[in-house]
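In what follows, a single structure is set out as structure tokens and then discussed.
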Amino acid sequence: MSGNPYPLGLRLAGRRVVVVGGGTVATRRVPALLDAGAHVLLVAPELTPALRAHADAGRLHWAPRRFAPDDLDGAWLVQVAVDDPLAAASVSAAAAERRIFCVRADDRAAATAWTPAVTRHGPVTVAVLGGGDPRRAMAVRDAIRALLDVRKGTLLTPVVEEGSLPCTGGGRVALVGAGPGDPELITVKGWRLLTEADVVVADRLVPGLLLDELRADVELVDASKIPYGPSRAQEEINRILVDRALAGKFVVRLKGGDPYVFGRGGEELLACAAAGVPVTVVPGVTSSIAAPAAAGIPVTHRGVAHEFTVVSGHVAPDSPASLVHWDALAGLRGTLVVLMGLKNLAAITATLIAHGRPEQTPAAVVQEATTGAQRVLRSTLGAVAADVLAAGLRPPAVVVVGDVVDALRTSVGD
Ligand SMILES: C[S@@+](CC[C@H](N)C(=O)[O-])C[C@H]1O[C@@H](n2cnc3c(N)ncnc32)[C@H](O)[C@@H]1O
């Protein structure tokens, strides 16, 4: 085949695409077809487990046999992902007869369409063809991706998130989980929205390095410096989010961990919704799981714990304001993760022991997890409160109670 390829963006939603082959090439190609909304017919006697999972979930139709030419009836595109050149050629021939474009993983020269190397940035898709050399295409794609990562704030800004409606003036809010402390633990989507923001309203526990990388013209509001008590401060934060969005700004509310885990994200969402401001919520890596993980503690472990429970310890167990059924928690065998629990730790551990959790249950405290200042203390339920005081641990810290605390110690020699 000669001549330059003619680039197109195929709109495959609701259209039949046939994939022939059920191995690793098909495993890599099928997700993008599904993402495009194609009706995928997969023809292959055997499937990889990943493809099998798509078939089992009803995301595609699997024909568990070899290819037959009439598989292509009604198809708009066919992808051949088999090693056998004769089998691939027979699909090509059937496709050519029906004037259907045919992508060949085994033989680019015999294909009538090529798949480009792709990088996706929200709604923007960059596709690169390397003149028949896939490695060149990938190298150029990687260079463009790196450029967009650096400049995406300016290049890709005019975006309205899927699922959100623009309010008058185009303003909107994103509630973004920043992760537990390590700046690399923000999600890709969270990071992208952060680089697009006009205003960032940040919490105390948000990794400082994320803020360091904001564009110079971004208005940064430090929510921890709002000079009122907790409830007035929250009202003030809600007001800032709504006012800036109604003024046409894209506001990122950046919160430590996950916005909905003791993060007051729900209140902020309701305040925005009441004012007609569209909101996108981007979940974050929560410290309730990440802090134990950073200390080598899995919150579940086969044969050790089949459940984990996350509670806030900011209200003492005997306080009328407590919403936690501590007596019931004492009866659980699994993992208990307590956030904001240092101040009340002595009362919490005493309550758990009084209601039946054995004193010798392993316990650990992880302070400033995933940061350079991380500290880990290992103890038991009976001794942990005194050990925390003796070691001078302070918030932010997560307390973990349960046999998982020791689950990996023997195997990793920790
Ligand atoms: C108001 S809650 C917010 C939790 C957050 N939304 C999350 O999902 O991680 C604050 C508490 O989270 C825990 N926490 C947050 N970051 C932490 C970290 N890096 N290390 C240990 N604990 C952390 C502490 O218990 C802290 O008191």
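The values are calculated or read from the model by the stated rules, or taken from the named source; none is laboratory data. Everything numeric in this text was worked out from a predicted model, so none of it was measured. Please note: Cβ atoms are built from the backbone with ideal geometry, for glycine as well, and neighbour counts cover all protein chains shown.
Details
- If you check Leu220, Leu254, Leu241 for being under 26 Å from the mean Cα position of the chain (by Cα) and within 16 Å of the ligand (Cβ to nearest atom), only one passes: Leu254.
- None of Val25, Val30 is in contact (Cβ under 8 Å) with a residue 60 or more places away in the chain, out of contact with any Asp or Glu (no Cβ under 7 Å at 6 or more places or on another chain) and either aliphatic (A, V, I, L, M) or part of a loop (DSSP other than H, G, I, E, B) (or both) except Val25.
- Which numbered condition Ala290 misses (of (1) under 25 Å from Pro183 (Cα atoms); (2) more than 13 Å from the ligand (Cβ to nearest atom)): (2)
- Any hit, the stretch 74-90, residues being in contact with a Pro (Cβ under 8 Å, 6 or more places away or on another chain) and not aromatic (Phe, Trp, Tyr): yes
- Among the residues making up the stretch 365-386, those that are surrounded by 17 or more Cβ atoms within 10 Å (Cβ to Cβ) and without any contact (Cβ under 8 Å) to a residue 24 or more places away in the chain are Leu377, Ser379, Thr380.
- Beta carbons closer than 6 Å, at least 6 apart along the sequence or on distinct chains, never pair a first residue in the stretch 274-292 that is outside the structural domain of Arg375 (by TED's automatic domain parsing) and over 12 Å from Val173 (Cα atoms) with a second that is polar (S, T, N, Q) and more than 9 Å from the ligand (Cβ to nearest atom).
- Set Gly37, Gly14: member being more than 17 Å from Val103 (Cβ to Cβ), within 24 Å of the chain's Cα centre (by Cα) and assigned to a loop (DSSP other than H, G, I, E, B): Gly37
- Reported count of residues in the stretch 325-349, each being at negative phi and surrounded by 17 or more Cβ atoms within 10 Å (Cβ to Cβ), is 17.
- Boolean, Asp403 is away from the ligand (no atom under 16 Å from the Cβ) and under 27 Å from Gly181 (Cα atoms): yes
- Verdict on Leu194 being of a type in the set (A, V, I, L, M, F, W, C), touching a residue at least 24 places away in the same chain (Cβ under 8 Å) and within 11 Å of the ligand (Cβ to nearest atom): no
- Test for Val150: is it at pLDDT 90 or above, of a type in the set (Val, Ile, Thr) and not in a loop (DSSP other than H, G, I, E, B): no
- Among the residues of the stretch 296-313, those identified as more than 16 Å from the ligand (Cβ to nearest atom), more than 24 Å from the chain's Cα centre (by Cα) and in contact (Cβ under 8 Å) with a residue 60 or more places away in the chain are Val304, Ala305.
- Going through (1) in contact with a Gly (Cβ under 9 Å, 6 or more places away or on another chain); (2) surrounded by 24 or more Cβ atoms within 10 Å (Cβ to Cβ) one by one, Pro292 falls short only on (1).
- Filter result for the condition that a residue is of a type outside the set (Val, Ile, Thr), touching a residue at least 40 places away in the same chain (Cβ under 8 Å) and in contact with a Ser or Thr (Cβ under 8 Å, 6 or more places away or on another chain), over Phe67, Phe101: Phe67
- Strands (runs of 3 or more DSSP E) lying entirely in the stretch 216-285 (those with 1 or more residues that are surrounded by fewer than 18 Cβ atoms within 10 Å (Cβ to Cβ) and among the hydrophobic types (A, V, I, L, M, F, W, C)): 219-222
- Among the residues of the stretch 40-72, those that are among the aliphatic types (A, V, I, L, M) and not in a loop (DSSP other than H, G, I, E, B) comprise Val40, Leu41, Leu42, Val43, Ala50, Leu51, Ala53, Ala55, Ala63, Leu72.
- Scanning the stretch 387-402 for residues that are over 18 Å from Ala293 (Cα atoms) and in contact (Cβ under 8 Å) with a residue 24 or more places away in the chain, we see that the one that is farthest from the chain's Cα centre (by Cα) is Val388.
- Conditions (1) more than 28 Å from the chain's Cα centre (by Cα); (2) on the phi > 0 side of the Ramachandran plot; number of the one not met by Ala316: (2)
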